[in-house]
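Below: the structure, in structure tokens.
The values are calculated or read from the model by the stated rules, or taken from the named source; none is laboratory data. If you're wondering where the values come from, they're calculated on a predicted model, not measured in any experiment. All Cβ positions, even for glycine, are placed from backbone atoms using ideal geometry, and neighbour counts span all protein chains on display. Side chains included, ligands, DNA and RNA excluded: accessible areas come from the protein's heavy atoms. Shrake-Rupley method; radii C 1.70, N 1.55, O 1.52, S 1.80 Å.
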Amino acid sequence: MSTEKLELFEVFIRSKRGLDHRHVGSLHAEDHQQALEYARDCYTRRSEGVSLWVVKSADIVASQEDDAESFYDPMDDKPYRHATYYQLPKEVDNM
Amino acid sequence: MNTEDTADLEQAFQIRIDKEEKIEPKDWMPGEYRRNLIRQISQHAHSEVIGMQPEGNWLTRAPTLRRKAVLLAKVQDEGGHGLYLYSSAETLGVSRAEMIEALQSGKAKYASIFNYPTLSWADIGAIGWLVDGAAIVNQISLQRTSYGPYARAMVRICKEESFHQRQGYEIMLSLSRGNQAQREMAQDALNRWWWPSLMMFGPHDADSAHSAKSMRWKIKRETNDDLRQKFVDQSVPQIDVLKLEYPDPELKWNENRGHYDFGELDWDEFYAVIKGDGHCNRERIQHHVKAHEEGEWVRDALKAYDAKKKARHAA
């Protein structure tokens, strides 16, 4: 069996309850169940997590960094979305 | 499942809560914990969304372009916060459509403060400063709530909300340092928004229907009265800086308690507004229904486009 025929899966681990799942890498597998077991074997050998997600890479839709300028425009010219933009007297500046 | 199994599960669940571990969507949880959370989170989400209306009322009449851009950014944030919260509630198995239906039929509540009208520009200052201020006190506490997705939404919201209160206070500061008419406008807004802001923390602990259980399950981390006191304590020095008069004659520092004392809230008003008899209850829901219905063609167009793409793909 050639690994090229296998699907690519992305692996996400929740390291601790309360935290988000974080992307850790990818692997090839036949199906979701096998991907989950491989992910356990590959990515949690040192108890790195309490919960695993596997997602078919083909199912991920990503924006391109090259397009960032036009894709995120015009977020950068809105400094008033940040708390530091507002100058307050020092007695109340901890607001 | 027999009752013995359920008892075991409930015990394991409570042990997890007591150890300060978060509950995550696929964990077993008591039905009442789930229902309690759905009620609280959806109510919180509805408040964010309905809260866009009183502020939206002043978007076209903001005094400067800068104030308009700021207000627009704030109202946009509130819509985003509603989305974070609806998604967090959806992890508990309730659908967006069910939640919207509950809001529009009056079955679900939202923060009663949004049923008060915004009569002057100063109200936009008072809302950012006091209403968002009170919401932040509550939400900081909820960052430690026991349900993981809710806690994470709170962290994100608190981070984004820090500018909301500051922009409101900045408006109050400008008005209170302005001419006589502007100072009066600021004072009037403070007087009208103060009490409803204190009511945002809900009934006294002794009268709160959901408090005891929510505390044991750590859905709520601090009691209504404790949070309300915290808000009063942080707000009084901020009134002093504005050089405005206290909206409550009983407001004064209590050396023994190490807190500010304040007058009793008008609970008849509180329950009347919750029941639907506030100034704007009907208007708020009517507007929500109208906006939802007017958006129908967009949802239809999305579905039609998706169907067309799929058909082309299949051909």
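The set of residues from the range A:18-35 being open to solvent by 50 Å² or more (accessible area, probe 1.4 Å) and within 29 Å of B:Thr145 (Cβ to Cβ) comprises A:Leu19, A:Asp20, A:Arg22, A:His23, A:Val24.
Of all residue pairs spaced 6 or more apart or on separate chains, those with beta-carbon atoms under 9 Å, a first member in the range B:238-251 that is basic (Lys, Arg) and a second member that is in a helix (DSSP H, G or I) are B:Lys243/B:Ser176; B:Lys243/B:Arg183. Look at the range B:143-165: where a residue is farther than 24 Å from B:Ile124 by Cβ and a partner is open to solvent by less than 20 Å² (accessible area, probe 1.4 Å) and hydroxyl-bearing (Ser, Thr, Tyr), sitting 6+ places away or on another chain with Cβ atoms under 7 Å, you get B:Pro149/B:Ser88; B:Tyr150/B:Ser88; B:Ala151/B:Thr145; B:Ala153/B:Ser88; B:Met154/B:Thr145. Within the range B:72-85, the set of residues being at the interface with chain A (Cβ under 10 Å from one of its Cβ atoms) and not small (Gly, Ala, Ser) comprises B:Leu72, B:Lys74, B:Gln76, B:Asp77.
Check the range A:51-61 and report whether any residue there is touching a strand residue (DSSP E or B) at 6+ places or on another chain (Cβ under 8 Å), within 14 Å of chain B (Cβ to nearest Cβ) and of a type in the set (Lys, Arg).
Looking only at the range A:51-61, we keep the residues that are touching a strand residue (DSSP E or B) at 6+ places or on another chain (Cβ under 8 Å), and these are A:51-58, A:60.
Filter once more, so that each one left must be within 14 Å of chain B (Cβ to nearest Cβ): A:51-53.
Checking which are of a type in the set (Lys, Arg) leaves us with none.
There is no residue in the range A:51-61 that is touching a strand residue (DSSP E or B) at 6+ places or on another chain (Cβ under 8 Å), within 14 Å of chain B (Cβ to nearest Cβ) and of a type in the set (Lys, Arg).
Here the range B:271-300 is the region considered, the condition is being open to solvent by less than 100 Å² (accessible area, probe 1.4 Å) and more than 30 Å from B:Phe201 (Cβ to Cβ), and the residue that is nearest to the chain's Cα centre (by Cα) is B:Gly295. Do the conditions hold for B:Lys303, that is, is it in a helix (DSSP H, G or I), within 14 Å of chain A (Cβ to nearest Cβ) and open to solvent by 70 Å² or more (accessible area, probe 1.4 Å)? When the stated conditions are applied, B:Lys303 does not pass them. Of the helices (runs of 4 or more DSSP H) that lie entirely inside the range B:1-93, those containing 3 or more residues that are under 30 Å from B:Ala122 (Cα atoms) span B:31-50, B:52-56, B:65-90. Evaluating B:Met154 against the criteria (1) surrounded by fewer than 18 Cβ atoms within 10 Å (Cβ to Cβ); (2) out of contact with any Asp or Glu (no Cβ under 9 Å at 6 or more places or on another chain) leaves one unmet condition, (1).
Among the acidic types (Asp, Glu), surrounded by 15 or more Cβ atoms within 10 Å (Cβ to Cβ) and in contact with a helix residue (DSSP H, G or I) (Cβ under 6 Å, 6 or more places away or on another chain) - does that describe any residue in the range B:212-226? Looking through the range B:212-226, at least one residue is among the acidic types (Asp, Glu), surrounded by 15 or more Cβ atoms within 10 Å (Cβ to Cβ) and in contact with a helix residue (DSSP H, G or I) (Cβ under 6 Å, 6 or more places away or on another chain). Of the residues making up the range B:115-139, those that are within 12 Å of the chain's Cα centre (by Cα) and either over 17 Å from B:Leu198 (Cβ atoms) or free of Cβ contacts under 8 Å to residues at least 24 places away in the same chain (or both) number 1. All told, A:Tyr85 meets the bar of being open to solvent by 50 Å² or more (accessible area, probe 1.4 Å) and within 14 Å of chain B (Cβ to nearest Cβ). Within the range B:249-263, the set of residues being open to solvent by less than 40 Å² (accessible area, probe 1.4 Å), over 13 Å from B:Arg228 (Cα atoms) and either part of a loop (DSSP other than H, G, I, E, B) or among the aliphatic types (A, V, I, L, M) (or both) comprises B:Leu251, B:Gly258. Scanning the range B:130-150 for residues that are open to solvent by 10 Å² or more (accessible area, probe 1.4 Å) and not in a helix (DSSP H, G or I) gives B:Gln143, B:Arg144. Here B:Arg34 passes the criteria (1) out of contact with any helix residue (DSSP H, G or I) (no Cβ under 9 Å at 6 or more places or on another chain); (2) surrounded by 14 or more Cβ atoms within 10 Å (Cβ to Cβ); (3) modelled with pLDDT under 95 except the one numbered (3). Pairs linking a residue in the range B:183-199 that is more than 15 Å from B:Asp132 (Cα to Cα) and open to solvent by 30 Å² or more (accessible area, probe 1.4 Å) to a residue that is at pLDDT 95 or above and hydroxyl-bearing (Ser, Thr, Tyr), with Cβ atoms under 6 Å and 6 or more positions apart or on different chains, are B:Arg183/B:Ser176; B:Met185/B:Ser120. Applying a threshold of 7 Å to beta carbon distances and a minimum spacing of six or more residues, or different chains, the list of pairs starting in the range A:58-74 at a residue that is open to solvent by less than 90 Å² (accessible area, probe 1.4 Å) and ending at one that is part of a helix (DSSP H, G or I) reads A:Ser63/A:Phe71. Within the range B:43-63, the presence of at least one residue that is open to solvent by 40 Å² or more (accessible area, probe 1.4 Å) and hydroxyl-bearing (Ser, Thr, Tyr) is confirmed. Note on the range B:227-248: residues that are more than 14 Å from chain A (Cβ to nearest Cβ) and surrounded by 13 or more Cβ atoms within 10 Å (Cβ to Cβ) total 7.
Comparison of B:Ala122, B:Ala108, B:Ala89 shows that the only residue that is in contact with a His (Cβ under 7 Å, 6 or more places away or on another chain) and of a type in the set (Gly, Ala, Ser) is B:Ala108.
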